[in-house]
Amino acid sequence: MLLGEASRNIVATKQRSLLALLGIVIGTASVIAMLNVGSIMHNAVLEQFRAMGTNVINIRQRYATDEDDPARNQLDLGLARALGPALPQLIQVAPFDSASAQLRAGAETQNVRLTGATEALQGLLRVRLAAGRWVSELDGVELQGVVGSEVASNYAAQTNQPLEVGDRVGLDGYTMTVAGILEPYPRGGGVSPISPNRTIFLPIKALQRFDADNQLEGILARVHPQADHQELARTIETWVEERAPGLPVEVNSAEQLLANMEQQSRMFTIMLGAIGSIALIVGGVGIMNIMLVSVTERRKEIGIRLAIGARNADIRRQFLVEAVMLCLLGGVIGAALGTGVAIAFAHFTGNPFVAAPMAVLLGVSVSTLTGIAFGYYPALQASRLDPIIALRSE
Amino acid sequence: MSAAQPLVSLQDVHRSYRVGPTDVHVLRGVQLEIHRGELASLMGASGSGKSTLMNIIGMLERPSSGDFFFEGRDVLQLAPDALAHYRNQQIGFVFQTFHLLPRLTALDNVGLPLLYQDVSKREMRRRAREILGRVGMGDRVDHRPNELSGGQRQRVAIARALVGNPSVVLADEPTGALDSSVGREIMDLFHELNGEGVTVVIITHDPAIARECPRQLVIRDGVVAGPEQVPA
């Protein structure tokens with residue numbers, strides 16, 4: 001009866017109710033969108049690191065040193081080979097280098113990224129072979145290539161026949177033998193500067209044909225799970241400084257990157273939360289306003305109810321229920337809207353939509369609380385009316 | 001309860017209002033007893049304090065001074081919630097302009113007092129329907145007030161006053177807004193209800209209506225006088 005009456009009163013003043021709801025709708029929608037977007041971003045970040053794991057660092061030279069200086073130090077294979085044994089925190093060390101080349105496919109060509117790899121890089125990237133084998137130390141300078149899935153499928157599309165292990169293909173002026181073909185690699189590589197799908201992996205020495213200098217693109221390393229990444233970064237920098245003075249290196253850690261991204265998304269969350277709170281307060285004031293108007297308009301009704309035996313608490317409850325129902329309605333609309341926004345966000349950023357588990361519950365309870373907080377004063381006003389004066393009003 | 005104990009007993013009741021800088025002394029020592037089963041009329045000029053007296057008896061308003069006993073209970077000692085409870089259980093109001101809630105059907109309007117009791121919705125409807133039948137509105141239960149004539153609305157209002165089985169029905173000019181023939185029917189209904197044992201107090205301007213009540217009260221100069229002052 002109480003709920004029925006409250007909904008009747010809301011329906012009776014549709015237009016006004018809907019306008020008053022707007023703030024609540026926007027507020028709840030922001031809160032829900034915020035939570036869902038946060039959850040989508042969080043998932044996207046985690047997804048980036050899923051393939052490689054988060055315990056990976058990338059060491060790279062910050063800028064090129066003077067090539068004319070014969071005494072200059074640079075990030076090279078020798079340094080990389082010494083790194084692993086020197087630092088036990090590093091489980092796996094994989095130096096790599098890169099270049100680009102044209103892969104001939106029949107009459108056409110495609111631009112491919114070449115990565116010079118050692119045996120360790122497979123385990124570090126966690127790439128999986130669809131066919132053939134990974135590059136080997138024994139390949140030496142031979143052009144034995146492991147082809148990324150996209151490169152392979154592009155090749156197949158251009159020549160109308162699939163690329164197979166043992167095929168010999170033209171790579172710039174050279175002929176490369178296909179040693180292996182990779183399975184598709186999950187999107188995003190965390191700190192990795194390598195996109196395996198669009199890459200042909202060559203033995204690191206063979207890459208020198210395409211990139212003459214000895215400077216590496218970087219060194220990927222897997223870190224012991226218990227290691228402190230920040231401390232490790234400092235240790236590596238010190239080690240490099242001792243061994244190769246003047247070599248500017250920087251260490252990017254997946255964990256640090258993850259922390260940065262998390263912090264960014266937290267900022268975003270706080271901002272949306274603030275917008276949501278302001279909208280909810282504005283919405284709450286709107287609700288208070290409409291309820292005060294409603295109390296004034298229905299003074300006579302309140303008088304009648306008091307005359308036939310309603311207690312002050314009954315009147316208070318009636319108007320409070322109405323305010324809460326109004327807010328709840330706004331909350332439900334807002335929840336739908338906010339979820340919609342989050343779905344759109346997921347769609348446009350190309351991430352899968354992940355519903356934040358508590359979002360709808362929180363949105364609805366926040367709107368209910370708003371209703372109670374801002375509906376209480378009008379309800380109190382209503383319950384304190386003098387029945388005689390209330391009955392006399394029109 | 002002894003038969004002699006009055007239902008309503010007012011002793012030396014005063015009521016004054018502050019209007020601007022001056023106090024308006026409306027009731028100046030009202031002495032009044034109403035007994036169970038009575039049908040009484042209360043007359044008086046405009047502003048004589050009829051409605052104030054009725055509001056006091058109906059526990060909507062407190063006297064400025066004096067005593068008010070309801071069935072021997074000192075009403076002025078009761079807390080607001082207890083007063084609400086009394087209004088709900090013991091008193092039925094009938095107003096000149098009906099005061100029905102426009103959005104509710106006749107049935108829900110009549111059931112409204114039971115909303116403030118521990119009565120199930122089903123029981124509420126059953127009793128509302130029964131009372132509506134008793135006042136001759138059994139075939140209009142689902143109509144809203146604006147779909148009813150004035151007389152029909154007043155019948156619904158009377159049904160609402162009766163649904164809680166009150167000790168007394170207080171009617172403030174119940175026929176004032178009605179045609180005389182319709183007013184006649186409403187008066188017949190009050191007589192009928194009184195015949196069934198319902199205590200009724202009717203405020204009226206109409207001497208004819210006042211005269212047909214077994215007990216006639218007149219309020220003049222802030223006090224209640226007996227029947228001999230009813231103008232012929």
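At-a-glance table
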{"quantity": "Table column - 3J(HN,Hα) (Hz), the stretch B:28-34, Karplus curve with 6.51, -1.76, 1.60, x for Gly and Pro", "calculated": "10, x, 6, 10, 7, 10, 10"}
{"quantity": "Globularity index of the protein assembly as shown, i.e. its alpha-carbon radius of gyration over 2.2 N^0.38 Å", "calculated": "1.74"}
{"quantity": "Gaussian network model of chain A, springs between alpha carbon atoms under 10 Å - residue of A:Val25, A:Val293, A:Val93 with greatest fluctuation", "calculated": "A:Val293"}
{"quantity": "Accessible area of the stretch B:119-232 belonging to carbon and sulfur atoms, whole % at 1.4 Å probe", "calculated": "44 percent"}
{"quantity": "Other-chain or far-sequence residues with amide H under 5 Å of B:Ser41's (modelled H)", "calculated": "B:Ile202, B:Arg215, B:Gln216, B:Leu217"}
{"quantity": "Among A:Gly309, A:Gly284, A:Gly38: highest mean-square fluctuation, GNM of chain A, C-alpha pairs under 10 Å", "calculated": "A:Gly309"}
{"quantity": "Net charge dipole size for the stretch A:289-394 [Lys, Arg +1 and Asp, Glu -1 on Cβ; Debye, nearest 20]", "calculated": "300 debye"}
{"quantity": "Per residue solvent-accessible surface (Å²) - the protein assembly as shown, probe of 1.4 Å", "calculated": "46 Å²"}
{"quantity": "Proportion of all alpha-carbon pairs of the stretch A:64-247 beyond 19 Å (%)", "calculated": "59 percent"}
{"quantity": "Within the protein assembly as shown: Cβ-based charge dipole about Cα centre, in debye rounded to nearest 20 (Lys, Arg +1; Asp, Glu -1)", "calculated": "2140 debye"}
{"quantity": "Globularity ratio of the stretch A:204-275, using Cα Rg and 2.2 N^0.38 Å", "calculated": "1.62"}
{"quantity": "Karplus-derived 3J(HN,Hα), 6.51/-1.76/1.60, for each residue of the stretch A:147-164, Hz, glycine and proline x", "calculated": "9, x, 4, 5, 4, 5, 6, 4, 4, 4, 5, 6, 9, 6, 8, x, 7, 10"}
{"quantity": "Interface A:B - total buried accessible surface [probe 1.4 Å, Å², rounded to 100]", "calculated": "2100 Å²"}
{"quantity": "Peptides A:240-252, A:144-156 ordered by average Cβ neighbours within 10 Å, highest first", "calculated": "A:144-156, A:240-252"}
{"quantity": "Chain A: most fluctuating residue of A:Ile372, A:Ile270, A:Ile308 per GNM, C-alpha cutoff 10 Å", "calculated": "A:Ile308"}
{"quantity": "The stretch A:64-247 - percent of accessible surface contributed by carbon and sulfur, probe 1.4 Å", "calculated": "44 percent"}
{"quantity": "Proximal charge balance of B:Ser16 [Cβ under 10 Å; K/R count +1, D/E count -1]", "calculated": "+2"}
{"quantity": "Cα gyration tensor shape for the stretch B:162-201, rounded if a/c is under 1.5, else prolate or oblate", "calculated": "prolate"}
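The values are calculated or read from the model by the stated rules, or taken from the named source; none is laboratory data. Predicted model, so just to flag it, every value in this text is computed and none were measured. Cβ: placed from backbone, ideal geometry, glycine included. Neighbour counts: every protein chain shown. Just so you know, the surface numbers come from the protein's heavy atoms only, side chains and all, with ligands and any DNA or RNA stripped out. Shrake-Rupley method; radii C 1.70, N 1.55, O 1.52, S 1.80 Å.
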